[in-house]
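Enquirer: Handing you a structure now.
The values are calculated or read from the model by the stated rules, or taken from the named source; none is laboratory data. The structure displayed is predicted, hence computed values, not measured ones. Virtual Cβ from ideal backbone geometry, glycine too; neighbours counted across all protein chains shown.
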Amino acid sequence: MENESVVTSFILKAYTELEDHRYVYFTSFLLLFIATVLTNVILLTVIYIERCLHEPMYFFMCNLAVNGIYGSLSLFPSVLGNLMSHTYEISLAACLLQIFCVHTYAAVEFTILGVMGYDRYVAICYPLHYHQLMSHRRLCTLIALSWIYPYVLFGLYFILTVQRTFCARFIDKVYCVNFELVKLSCFETSFQSKIGFVVTILVFVPQLLMILFSYAQILRICLSASKECQTKAIQTCTPHILTVINNAVGMLFEIMLTRFNMSHVPYKARIFMSLYVMIFPPLCHPVIYGISIHAIRVQIVKLFRAKKNRLTPLQVMTKQSHD
């Protein structure tokens, strides 16, 4: 170890491909950041204000929105800062913090979607017992597990990364990812790679199985139900299915990039693939739910109409003087 030069900061190489149009990319990412935060805040506000939306399904949506904001904050400020930098350097501490935030965001996102799949299964297969099966206590338990399980599982694995020393400093991404950082370690990494694969399975496979089981049962019920019930079930499940597909595409891209040789894919396409899971799910989810779910769409329209029709103090004084 005496001859090894231990690295305490890293260079995010992917930014070199964005140098020629850095201001265009900066503006685009800034607009995406604002849009993501704004759409999620609007969804949270509408669900919080309207008591008719205080149901388990909407509380799960709130957690999805909060996690979307958390994921955006873990990515966009770093990307915007690096686009305006000429070194593309990130410290070890900042890199580790970003890794923890990015990975827990992805794990929590999929866990919440798994729980939402179970919620849809109960709502459609046991409608008369829905509020009994999804009691306030069970709702709080499921929400707590959606956050605690991914944090604890990834946190225990993340200790292995924190304990490593690093002898190379070039990361071929626009943000830090655990697998890419571990590859820069001074020592052999096959054991941690295997542990990471097991953790990935434990984080995503149970949730995926829950979603598949839930929709298998929903499909079984719908096949023997009336046309009206089938239509209602489709309307209820469509936003969740679109959200799961959106996340699955992002996860598939990330797994392909980190676990397989993708050198044949154009570099900018790889950058897009690596950013997909961090940008499009948190941006699209509130839009999907806002457009697809009638109850939310109505309340959003009411909220903006109320703001539009609200008089300013000057308008109130003018109106009073005319009266």
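Enquirer: For the stretch 272-288, give me each residue that is in contact with a Phe, Trp or Tyr (Cβ under 9 Å, 6 or more places away or on another chain) and either assigned to a loop (DSSP other than H, G, I, E, B) or touching a residue at least 60 places away in the same chain (Cβ under 8 Å) (or both). Reasoning before the result, please.
Expert: Quick first cut of the stretch 272-288, residues in contact with a Phe, Trp or Tyr (Cβ under 9 Å, 6 or more places away or on another chain) only: 272-279, 282.
If the condition is that a residue be in contact with a Phe, Trp or Tyr (Cβ under 9 Å, 6 or more places away or on another chain) and either assigned to a loop (DSSP other than H, G, I, E, B) or touching a residue at least 60 places away in the same chain (Cβ under 8 Å) (or both), then Ser274, Leu275, Val277, Met278, Ile279, Pro282 are the ones that fit.
Enquirer: Quick check on the stretch 182-191. Is at least one of its residues within 17 Å of the chain's Cα centre (by Cα), part of a helix (DSSP H, G or I) and without any contact (Cβ under 8 Å) to a residue 40 or more places away in the chain? Before you say what the answer is, go through the steps one by one.
Expert: Of the stretch 182-191, the ones within 17 Å of the chain's Cα centre (by Cα) are none.
For the stretch 182-191, residues within 17 Å of the chain's Cα centre (by Cα), part of a helix (DSSP H, G or I) and without any contact (Cβ under 8 Å) to a residue 40 or more places away in the chain: absent.
Enquirer: Next question. Scanning for something under 30 Å from Leu181 (Cβ atoms) and under 23 Å from the mean Cα position of the chain (by Cα), does the stretch 138-145 turn up at least one residue? Full working, then the answer.
Expert: Of the residues in the stretch 138-145, the ones under 30 Å from Leu181 (Cβ atoms) are 144-145.
Pick out the ones that are also under 23 Å from the mean Cα position of the chain (by Cα) and you get 144-145.
Yes: the stretch 138-145 contains one or more residues that are under 30 Å from Leu181 (Cβ atoms) and under 23 Å from the mean Cα position of the chain (by Cα).
Enquirer: Within the stretch 243-271, restricting attention to residues that are hydroxyl-bearing (Ser, Thr, Tyr) and surrounded by 13 or more Cβ atoms within 10 Å (Cβ to Cβ), which residue is modelled with the highest pLDDT?
Expert: Filtering the stretch 243-271 down to residues hydroxyl-bearing (Ser, Thr, Tyr) leaves 243, 258, 263, 267.
The next check asks that each one be surrounded by 13 or more Cβ atoms within 10 Å (Cβ to Cβ); those that pass are 243, 258, 267.
Working: Thr243: 87, Thr258: 72, Tyr267: 78.
Top of the filtered list is Thr243.
Enquirer: While we're here: Only one of Leu257, Leu219 is farther than 24 Å from Val174 by Cα, assigned to a helix (DSSP H, G or I) and free of Cβ contacts under 8 Å to residues at least 24 places away in the same chain; which?
Expert: Numbers: Leu257 fails: farther than 24 Å from Val174 by Cα.
From the options Leu257, Leu219, the qualifying one is Leu219.
Enquirer: Which of the helices (runs of 4 or more DSSP H) contained wholly in the stretch 75-167 include at least 3 residues that are among the small types (Gly, Ala, Ser) and more than 30 Å from Ser28 (Cβ to Cβ)? Explain how you work it out, then say what you get.
Expert: Numbers: elements: 92-125, 130-133, 136-162.
Because the criterion is at least 3 residues that are among the small types (Gly, Ala, Ser) and more than 30 Å from Ser28 (Cβ to Cβ), the helices (runs of 4 or more DSSP H) in the stretch 75-167 that meet it are 92-125, 136-162.
Enquirer: Here is a list of conditions, (1) touching a residue at least 60 places away in the same chain (Cβ under 8 Å); (2) hydroxyl-bearing (Ser, Thr, Tyr); (3) in contact with a Lys or Arg (Cβ under 9 Å, 6 or more places away or on another chain), and Tyr175 meets all of them except one; can you say which number that is?
Expert: (3)
Enquirer: Now, a different point. Residues being among the aliphatic types (A, V, I, L, M), buried (at least 16 other Cβ atoms within 10 Å of the Cβ) and under 26 Å from Gln192 (Cβ atoms): count how many of those fall in the stretch 133-159.
Expert: Total satisfying the criteria: 1.
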